[in-house]
Structure formats: structure tokens, C-alpha cells
Amino acid sequence: MQTITGKDIHAAAALLQKEEVVAIPTETVYGLAGNALSEIAVSKIYAAKNRPSFNPLILHVASINELEKYANVDATSWLIASTLMPGPITLLLPKKTNVPDITTAGSNKVALRVPNHAMALSLLNECSFPLAAPSANPSGYISPTTAAHVFAGLEGRIPYILDGGATTVGLESTICEVINGAILLHRAGGISAATLSTLTGLEVKQNSNITTPATPGQLKSHYAPNIPLVIGKIEEEINKHVGKKIAVISFQKNYGKQNGITSFVLSVNGNLSEAANKLFATLRLVDEADYDLILTEIFPNEGIGPAINDRLHRAQFLHK
Ligand code: TXA
Ligand code: MG
């Protein structure tokens, strides 16, 4: 199959109408979209990504007014949706029967979000169905933040990539669920726990069980590059690994070019959003070059910092 990259929203909609899959931009990462109500389209998504069938997909809709077509929305979830959507947040809700089991991998809950990206919203408005879209990477690899990243991973496996430029958030959406009067955070992302607790007045609990997660995609080996990644105090770690070709990925400090080290600074000014937005592209760049080791550090635990730390921890586990 030939994979074409372009900006033609009508062409993308026509392919989706024919139960084909199309890679689409969102503000977080690129998604691999298909008609969420079509078992044929959804099975093509799983096949193209080589995604295990037990890992359910997020439904993308054009506006919060569509949430109730596919799920039962409680008052607190509605407050979150009406305040933070469109945006980098996904709500896990009790599903309605029109959502096929294959889309939720048999679960009676469905994950729903409204992406904050003009091209994605135009496309959703042209489609008469919601779009199921996992990140548009081969299962287990780093999520794509540009159309070129998608092409590198899925060339020949999908017909079309809708190019909406580089994503602006750069990490996947926050996934949360309102349950028993609290908020369960299934995945850290662009919306922080602090934002959710301030908005709702509820306690936000971490779902930290990453070996048997309630969101099956939160397996430890996710987001992994092909070379080992070590998180620690960078100066100490450099001394432990003398003689190796090391890529240092740091928040603010430049470690220069010394003894086989190359320094990649994610935000000279210490801006966590900028760092988050550069993280995946930098991991890819380093992974494609000839390093023995990636060395990185814990990022500040505020704003999108916990989401950065979460992705770094998962990237420690090699997927090959
Ligand atoms: O930012 C995002 O959320 C991106 C863009 C493309 O929208 N999508 C994304 O999808 O990250 P994916 O499939 O890579 O991650 C979705 C996560 C997985 O961990 C999956 O297990 C979980 O959401 N999930 C989806 N539906 C679920 C459900 N019904 N129950 C539990 N977990 C669910
Ligand atoms: Mg993913």
C-alpha cells in the first residue's frame, strides 16, 4: 500500500467513510483514526499498529455535545468536559451499547475526548461517526508528534497521513475517571492533577498499578526507544558510564560536548511545556543516532512535569 501525506481533509474523510484508516493530527500526538462504530475499520487500526487486541481505543468527537451519544456522563465528568474540552484530556465513562466491544476491547467503559486541533475538528465535523484513534505509532514505540514520525513508523501500512504540522502539547492526553466521589488518574498528561482537583474539589488518586493497569495501554514497556535509558543525577551517571557514547537529555542545563557526551537541552528557560513538547522528537532523534546510552533526569513535579517523568520511566523498559 502506498502511504500519501497531505492536507486534504475531504480526502481523509472519504477514506474514513470507506472504513479505511487515516493518521490525523491532534494537539497531543498524532492518532491513527478509523470509524469507531465500524468493526472493520477498528480491526484495521489494531492490525496497522500491531496493537494487542486487549488494549482499548479512545473515541474522538467534535464537541462535548456528542459525549452523551456514546456514554453516560455524570455531573462531575460533565464539569470537567465543559471546562477542559477541547483539550488534552480524556474521560473514562460507562459506555452505551452503540460502541462496539472491539473498540473498547470488551470493556463496559469507553474513553472519550475532544481534540483541540482545528484540522482534527474539521475532519470530525465532516464524519457522521466518532473516530477511534490510538497514537499513530507501531505498538510499543515512541508516539509521533509530526507527520514524518508517522510515516517513519507506518509507511506502507496506511493509505493517508493528514499533515497538521507538529503537535503543540507533545505528550498524550491525561486520562481520568470520576469514581466513588474521587478522580482516578489513569494517565498523566497535558492537564495536571492540580487542575482537576481545583476544578472539581475532589481528591485526585493516582492509578499507579502499571503492571496490571486499568487502562491496558499503560504497560511498562510503552514509549520505549531501542537503546537503554537511565534516569538519575546526570553528573554522577556520566562518571559511571565512562567510555560510552552518551546522549544526555536534560531539562535546562547544557552538559556540553565532552568524553563522548552529546547534550540535548529540552528548555533553556526552564519551561516544562516546551520540554514536554520536545521530548518525543528528541528521544526519536537520539534513538536513530549511534549512542550506547540515553541519560536523563527527573523533571520538576508540577504542571506537565509528572507526565514527562511518567513517559521517561516507561522508556526505561526496552521493548525489543
Ligand atoms: O492524546 C491522546 O490521548 C492520543 C491522541 C491520538 O488522542 N491518543 C492516545 O491513544 O494516546 P492510545 O491508544 O495510545 O492510548 C490510549 C490509552 C491506552 O492506555 C488505553 O489502554 C486507554 O487509553 N483506554 C482507552 N480506552 C479505554 C477503556 N475503555 N478502558 C480503559 N482504558 C482505556
Ligand atoms: Mg499510544
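A short reminder: the numbers here are calculations on the coordinates, not readings from a lab. Computed from a predicted structure; not experimentally measured. Cβ placement follows ideal geometry from the backbone for every residue including glycine, while neighbour counts extend to all protein chains displayed.
Taking the number of Cβ atoms within 10 Å of each Cβ as an exposure proxy, the fewest-first ranking of CYS127, CYS176 is CYS127, CYS176. Ellipsoid fit via the Cα gyration tensor, the chain: semi-axes of 32, 23, 17 Å, each the root of five times an eigenvalue, largest first.
Rg then Dmax, both in Å and based on the Cα atoms of segment 122-183: 14.8, 47. Around the amide H of ILE179, modelled in the peptide plane, lie the amide H atoms of LEU184, all under 5 Å away and 5 or more residues distant in sequence or on another chain. Residue order for SER43, SER128, SER173, fewest other beta carbons within 10 angstrom first, comes to SER128, SER43, SER173. Computed over neighbours whose Cβ is under 12 Å from that of VAL265, the net charge equals 0, Lys and Arg +1, Asp and Glu -1. Every Cα-Cα pair in segment 1-105 was counted, and those over 22 Å apart are 37% of them. Assuming 0.890 mPa s and 25 °C, estimate D for segment 228-281 with Stokes-Einstein, Rh taken as the Kirkwood radius over Cα pairs, in µm²/s. D = 209 µm²/s. On the basis of the beta-carbon distance and an R0 of 56 Å, HIS313 and ALA14 show a calculated FRET efficiency of 0.85. Counting other Cβ atoms within 10 Å as a rough exposure proxy, the listed residues LYS44, LYS7 run LYS7, LYS44 from fewest neighbours to most. In sequence order, segment 231-241 has phi-based couplings of 10, x, 7, 4, 4, 4, 5, 4, 5, 6, 10 Hz under the Karplus curve 6.51 cos²θ - 1.76 cosθ + 1.60, θ = phi - 60°, and Gly or Pro positions carry x. Pairs from the list LYS18/LYS69; LYS7/LYS49; LYS49/LYS257; LYS109/LYS233 with a Cα-Cα gap above 32 Å: LYS49/LYS257; LYS109/LYS233. Once the Cβ-Cβ distance of SER63 and LYS253 is raised to the sixth power relative to R0 = 41 Å, the FRET efficiency obtained is 0.45.
At q = 0.14, 0.15, 0.17, 0.24 Å⁻¹, what is the base-10 log of I(q)/I(0) for segment 79-136 according to the Debye formula with one equal point scatterer per Cα and no solvent? Please give it to two decimals. The calculated log intensity ratios at q = 0.14, 0.15, 0.17, 0.24 Å⁻¹ are -0.43, -0.50, -0.64, -1.16.
The length gained on full extension between LYS240 and ASN207, counted as 0.36 nm times the residue separation minus their Cα-Cα distance, comes to 8.5 nm. Computed extension gain for ALA75 through ILE40, at 0.36 nm per residue and net of the alpha carbon distance, reaches 9.2 nm. Counting only Cα atoms, the size of segment 84-206 along its three principal axes is 46, 32, 30 Å, in decreasing order. Couplings 3J(HN,Hα) for segment 182-196, derived from phi with the Karplus relation 6.51 cos²θ - 1.76 cosθ + 1.60 (θ = phi - 60°), are 9, 10, 9, 8, 8, 8, 6, x, x, 9, 7, 4, 4, 4, 5 Hz, where x marks Gly and Pro.
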